[in-house]
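Read the figures in this text as sums done on the coordinates, not as results from a lab. This structure is a prediction, so every number in the text was calculated from the model and none was measured. Glycine also receives a Cβ, built like all others from the backbone with ideal geometry; neighbour counts cover every protein chain displayed.
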Amino acid sequence: MPSPLENPEDPSRPPGAIRRVVDLVVASLSGQIDEPYVLVLRSAYSTQYSGPFPDGLSALCAMEEELRANEGLPEEERVEVAMAPLVPWRLAPTFYDAP
C-alpha cells in the first residue's frame with residue numbers, strides 16, 4: 001500500500017510545503033550515508049575508535065560485527081558501539097543548505 005506521500009491523488013497527502021520539507025529531509029539523510037564514518041567503541045574502561053569507513057553502509061556492517069562479538073561477552077565486558085560521521089554535520093550538505 002503506497003504511503004500518502006507517494007500517491008498524488010490521495011486527499012490526505014500533505015500540502016506542497018510539507019512535501020518539500022519531507023523531500024529535503026530525505027535528500028539530506030540520503031546524502032549523509034555517502035559520507036565517511038568511524039565507529040566509537042565505549043566500555044567501562046576505555047573509548048576506542050575503529051575506521052575510518054568510506055561510507056555509512058561499510059560502518060554499519062562493521063558495527064554489526066562488533067555487536068555480534070558483544071553477544072558472547074558478559075554484561076560488564078560489553079562495549080557500546082556508535083557510528084560517528086567524520087564530516088561534521090555543519091559542514092556536510094544538509095536540507096538547511098537547500099535553495
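Per residue, the convex hull around the alpha carbon atoms of region 16-97 comes to 110 Å³. Under 5 Å between amide hydrogens, built in the peptide plane, is the criterion, and for V79 it picks out nothing among residues at least 5 positions away or on other chains. Maximal additional length on extending the R42-R19 stretch stands at 4.4 nm, based on 0.36 nm per residue less the C-alpha distance. Site pair L86 and L73 shows an inter-label distance of 2.4 nm when each label is modelled 7 Å from Cα along Cα→Cβ.
Have a look at A17, N70, A84 and report the one farthest towards the positive end of the charge dipole of region 16-97, computed about the Cα centre with Cβ charges (Lys/Arg +1, Asp/Glu -1). Final value for the positive-end residue is A17.
Given Cβ point charges of +1 (Lys, Arg) and -1 (Asp, Glu) and nothing else, what value in debye, to the nearest 20, does the dipole of region 16-97 about its Cα centre take? Please report the intermediate quantities before stating the final value.
On the way: 6 positive and 13 negative charges, 88 e Å.
Dipole size: approximately 420 debye.
For region 50-62, 3J(HN,Hα) computed residue by residue from phi via the Karplus equation (6.51, -1.76, 1.60; θ = phi - 60°) reads 10, x, x, 10, x, 7, x, 5, 4, 5, 5, 5, 5 Hz, glycine and proline entered as x.
For region 67-78, putting each phi into the Karplus relation 6.51 cos²θ - 1.76 cosθ + 1.60 with θ = phi - 60° gives couplings of 5, 5, 5, 5, 4, x, 9, x, 3, 6, 9, 5 Hz, in residue order, rounded to whole numbers and with x for Gly and Pro.
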